[in-house]
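J.: Handing you a structure now.
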Amino acid sequence: MAIEEEIKLTAPSSATLDAVAADPLLLACAEQPATPARTFLATYYDTPDRRLLHHRLAFRLRQEGNGGLRANLKGTGGMVDGLSRRQEWEERLALPIQRWGELPPGALREQLLAIVAPDDTLTPLFVTDFQRRVVLLQWGESRAEMALDWGKIQAGEAVHPLAEVELERKAGPFAPIQAFAAELIHRHALVPSQRSKFGLGMSLLGLDGEE
């Protein structure tokens, strides 16, 4: 298990993300140029009776570039003005699964099977489909991964457009990352996010996915 610590900022458009990527403020602390855009397609799942949501957990399967899948389980509470700290478990899968008991041995499987039955089926909730560019940033001992995401979240016919900046702490103190985020907000009219991608997806379903 890891603790994910990140800042999420909502952008008005993909053009704003282009401006952020070209900002001299970013270029001055970037370890390397932004990566080419990659597609991230993921489906979020629960049990038919919403047991994970009841325990404030979010589970997704995301397609990997090599044809495999990455399973991810996160806590769903705790976002305040764009800042979130969440427990997180991850595991790579070689093949899709239909039941929770088909997950490979490990901490993620143990965490889930403490809540759901092995024979329970994975019930899809919604899909996230977006392009991502990544930049690694450094300020002394502090390092962060910046993700520039644009695309959509879809639940049935309901769609929410997505354009956001994520700053995830990788090492060192968090304060320089927060100061950098505050400057980006000022320079690019970004807004601290009040909901994660999971929370936005749940709102499309008319459900409350997080605080």
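J.: Among (1) surrounded by 15 or more Cβ atoms within 10 Å (Cβ to Cβ); (2) within 12 Å of Ala147 (Cα to Cα), which single condition is Ala30 missing?
T.: The one condition Ala30 does not meet is (2).
J.: Same structure, new question: Exactly one of (1) over 30 Å from Ile97 (Cβ atoms); (2) buried (at least 17 other Cβ atoms within 10 Å of the Cβ); (3) hydrophobic (A, V, I, L, M, F, W, C) is unmet by Trp150. Its number?
T.: Failing condition for Trp150: (1).
J.: Hey, another quick one. Look at Thr16 and say whether it is over 30 Å from Asp119 (Cα atoms), surrounded by 11 or more Cβ atoms within 10 Å (Cβ to Cβ), polar (S, T, N, Q) and over 16 Å from the mean Cα position of the chain (by Cα).
T.: On the way: over 30 Å from Asp119 (Cα atoms): yes; surrounded by 11 or more Cβ atoms within 10 Å (Cβ to Cβ): yes; polar (S, T, N, Q): yes; over 16 Å from the mean Cα position of the chain (by Cα): yes.
Answer is yes for this residue.
J.: Let me ask you something else. State yes or no: is Lys152 in contact with a Leu (Cβ under 9 Å, 6 or more places away or on another chain), of a type in the set (Lys, Arg) and over 18 Å from Ser13 (Cβ atoms)?
T.: no
J.: Let me spell it out: the conditions are (1) out of contact with any helix residue (DSSP H, G or I) (no Cβ under 7 Å at 6 or more places or on another chain); (2) in contact (Cβ under 8 Å) with a residue 12 or more places away in the chain; (3) part of a strand (DSSP E or B); (4) farther than 17 Å from Ala58 by Cβ, and Pro104 meets all of them except one. Which number is the exception?
T.: Among (1) out of contact with any helix residue (DSSP H, G or I) (no Cβ under 7 Å at 6 or more places or on another chain); (2) in contact (Cβ under 8 Å) with a residue 12 or more places away in the chain; (3) part of a strand (DSSP E or B); (4) farther than 17 Å from Ala58 by Cβ, Pro104 violates only (3).
J.: Which one of Gly75, Gly67 is at pLDDT below 90, farther than 25 Å from Leu167 by Cβ and out of contact with any helix residue (DSSP H, G or I) (no Cβ under 7 Å at 6 or more places or on another chain)?
T.: Values: Gly75 fails: farther than 25 Å from Leu167 by Cβ.
The conditions single out Gly67.
J.: Residues that are within 28 Å of Ile7 (Cα to Cα), touching a Phe, Trp or Tyr at 6+ places or on another chain (Cβ under 9 Å), at pLDDT below 95 and not acidic (Asp, Glu): does region 84-94 have at least one?
T.: No: region 84-94 contains no residue that is within 28 Å of Ile7 (Cα to Cα), touching a Phe, Trp or Tyr at 6+ places or on another chain (Cβ under 9 Å), at pLDDT below 95 and not acidic (Asp, Glu).
J.: What are the residues in region 103-113 that are over 16 Å from Leu69 (Cα atoms) and either modelled with pLDDT of 95 or more or among the charged types (D, E, K, R) (or both), if any? I'd like the intermediate steps shown before the answer.
T.: Let us first name the residues in region 103-113 that are over 16 Å from Leu69 (Cα atoms), namely 107, 110-113.
Result: Glu110, Leu112, Leu113.
J.: Report the residue count in region 106-150 for those that are touching an Asp or Glu at 6+ places or on another chain (Cβ under 7 Å) and at positive phi.
T.: Looking only at that region, the number is 1.
J.: Please work out which residue is nearest to the chain's Cα centre (by Cα), limiting yourself to region 179-210 and to residues that are part of a helix (DSSP H, G or I), in contact (Cβ under 8 Å) with a residue 24 or more places away in the chain and surrounded by fewer than 15 Cβ atoms within 10 Å (Cβ to Cβ). Before you say what the answer is, go through the steps one by one.
T.: Step one: of region 179-210, the residues part of a helix (DSSP H, G or I) are 179-188, 197-204.
The next check asks that each one be in contact (Cβ under 8 Å) with a residue 24 or more places away in the chain; those that pass are 180-181, 183-185, 187-188, 197-204.
Next cut, surrounded by fewer than 15 Cβ atoms within 10 Å (Cβ to Cβ) only: 183, 187.
Details: Glu183: 22, Arg187: 24 Å.
Of everything passing the filter in region 179-210, Glu183 is nearest to the chain's Cα centre (by Cα).
J.: Working carefully through the options Ala171, Ala158, Ala163, find the one that is of a type in the set (Gly, Ala, Ser) and over 22 Å from Thr39 (Cβ atoms).
T.: Details: Ala158 fails: over 22 Å from Thr39 (Cβ atoms); Ala163 fails: over 22 Å from Thr39 (Cβ atoms).
Testing whether each residue is of a type in the set (Gly, Ala, Ser) and over 22 Å from Thr39 (Cβ atoms) leaves just Ala171.
The values are calculated or read from the model by the stated rules, or taken from the named source; none is laboratory data. Everything numeric in this text was worked out from a predicted model, so none of it was measured. A quick note on method: Cβ atoms are made from the backbone with ideal geometry, for glycine too, and the neighbour counts reach across all protein chains shown.
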